[in-house]
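Following: one structure in structure tokens, then a few remarks.
The values are calculated or read from the model by the stated rules, or taken from the named source; none is laboratory data. Note that this is a predicted model, so its numbers are computed, not measured. Using ideal geometry, Cβ is built from the backbone for each residue, glycine included, and neighbour counts are taken over all protein chains shown.
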Amino acid sequence: MVGGEESILAHVKPVMDAYSKAVSLMGPVGAGQLCKMVNQLCIAGLLQGLSEGISLAKTAGLDVEHVIGAIKHGAAGSWQMENRGKTMADNQFDFGFAIDWMRKDLGICFDEAERLNVDLPIARFVDQQYEALQKRGFNRCDTSVLIKQFDDESRD
């Protein structure tokens, strides 16, 4: 996700291809950053829904892995479900993008949304959950730690 001029991208793309799976020109300078904001907002919402679903499945006594297997190829399916659903259910959160970084990115999203007069209620809710998880010491855990908002400890 890059912003800039097509002619410049054409010149540097062979180098970028050496370290990236895909390079997409999103528009003028700044458009790549805006696209990254959209990505982070989508991930936040997906993780909240996945956290709620897995929490309900576990509380109801369902086999979470079996549930994920049944729904992952339908409309509820996502990269997050496929790659983090089981690890979330297994209480494993050391797979990458830390909530400290996600909160930094969400802050950038909130600034831009304010500038554009766009409301982001789900992202703001998720950010509040991440803030509470940071206070519990989960700063460096990956973003799928969002499911820990449903632990008994979080309801004190």
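Does the range 27-35 contain any residue that is closer than 15 Å to Val126 by Cα, among the β-branched types (Val, Ile, Thr) and outside any strand (DSSP E or B)? Checked against the condition, which is being closer than 15 Å to Val126 by Cα, among the β-branched types (Val, Ile, Thr) and outside any strand (DSSP E or B), the range 27-35 yields no hits at all.
Restricted to the range 1-10, and to residues there that are surrounded by 10 or more Cβ atoms within 10 Å (Cβ to Cβ) and not hydrophobic (A, V, I, L, M, F, W, C), the residue that is nearest to Gly32 (Cα to Cα) is Gly3. Taking the range 11-23 as the range and being loosely packed, with under 12 Cβ neighbours inside 10 Å and not in a loop (DSSP other than H, G, I, E, B) as the test, the residues that pass are His11, Pro14, Val15, Asp17. Out of everything in the range 129-150 that is part of a helix (DSSP H, G or I) and free of Cβ contacts under 8 Å to residues at least 60 places away in the same chain, what residue ends up being surrounded by the fewest Cβ atoms within 10 Å (Cβ to Cβ)? Looking at the filtered set, the residue picked out is Lys135. Considering only the range 95-107, how many residues are at pLDDT 95 or above and either closer than 10 Å to Asp142 by Cα or surrounded by 14 or more Cβ atoms within 10 Å (Cβ to Cβ) (or both)? Residues meeting the conditions: 8.
Filtered by the rule that a residue be assigned to a helix (DSSP H, G or I) and free of Cβ contacts under 8 Å to residues at least 12 places away in the same chain, the range 68-80 gives Gly69, Ala70, Ile71, Trp79. Within the range 81-125, the set of residues being among the charged types (D, E, K, R) and in contact (Cβ under 8 Å) with a residue 24 or more places away in the chain comprises Arg84, Asp94, Asp100, Arg103, Asp105, Glu112. Among the residues making up the range 124-154, those that are under 15 Å from the mean Cα position of the chain (by Cα), under 13 Å from Leu106 (Cβ atoms) and polar (S, T, N, Q) are Gln128, Gln129, Thr143.
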